[in-house]
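The block underneath contains the structure these notes are about, expressed in structure tokens.
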């Protein structure tokens with residue numbers, strides 16, 4: 001594990017009785033608070049109060065877009081919830097210490113929002129509902145990508161533990177026809193792995209160039225005239241202005257010129273043609 005980074009972004013958010021508190025721990029505390037609130041509402045049969053929070057693709061497509069962000073705030077108590085919180089606290093902390101707070105929060109925000117955003121796009125073909133925290137396993141995948149040879153429980157290396165768990169979760173989703181769970185696992189883990197490799201410089205994004213700028217035209221001095229000609233157009237424009245117009249045409253096309261700029265360019269062209277005919 002790497003030690004605290006040299007910048008404030010790699011340092012703990014605060015300290016409590018000598019213990020460092022990271023953004024990952026604050027995320028866990030927020031989810032624990034949501035679990036306690038969910039438990040109280042369930043105990044008093046007031047679950048209708050949280051009905052505006054879970055994600056439902058049909059509701060989002062009707063305009064209730066806040067559900068993309070609030071679906072993780074409904075967390076009934078369970079053993080899986082406790083495991084997810086432990087994964088965020090332990091593995092999320094190490095990812096945060098490696099990348100810094102800003103990139104860690106970006107990674108977690110992406111893996112949290114990716115499933116509802118994806119299912120919103122698929123909502124017309126695959127109506128979907130989501131509830132409860134997601135993204136904890138993706139943080140473990142990110143940790144395993146950063147520290148593949150870290151020793152886990154029973155002496156298993158992190159890279160093999162990640163591969164086995166990913167395979168087991170995928171097979172469980174396929175066996176039960178749980179396409180929602182399967183797509184969520186594949187999308188979030190794939191994104192987390194790609195995020196780490198991109199930050200490590202092992203994955204690069206393609207550079208898209210919509211157009212390629214051609215060489216700008218220039219009016220050169222007359223080699224036969226014993227020196228440079230007077231390149232100032234009849235309208236009073238300078239050679240620098242003509243060069244600027246040629247650059248503008250190379251960037252945006254001739255249609256981008258104003259009427260005044262066209263007149264200046266035409267004047268320069270006419271003067272150049274007269275000079276060529278005068279030498280013949």
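What follows draws every value from the coordinates through simple rules; no lab data is involved. None of the values given here were measured: they were computed from a predicted structure. Every residue, glycine as well, gets a Cβ built from its backbone with ideal geometry; the counts of neighbours run over all protein chains shown.
Structure above, values below:
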quantity: Residue exposure sequence - 191, 140 - by fewest surrounding Cβ within 10 Å; calculated: 191, 140
quantity: Where only alpha carbons of region 8-199 are counted, the Rg and the Dmax (Å); calculated: 17.1, 52
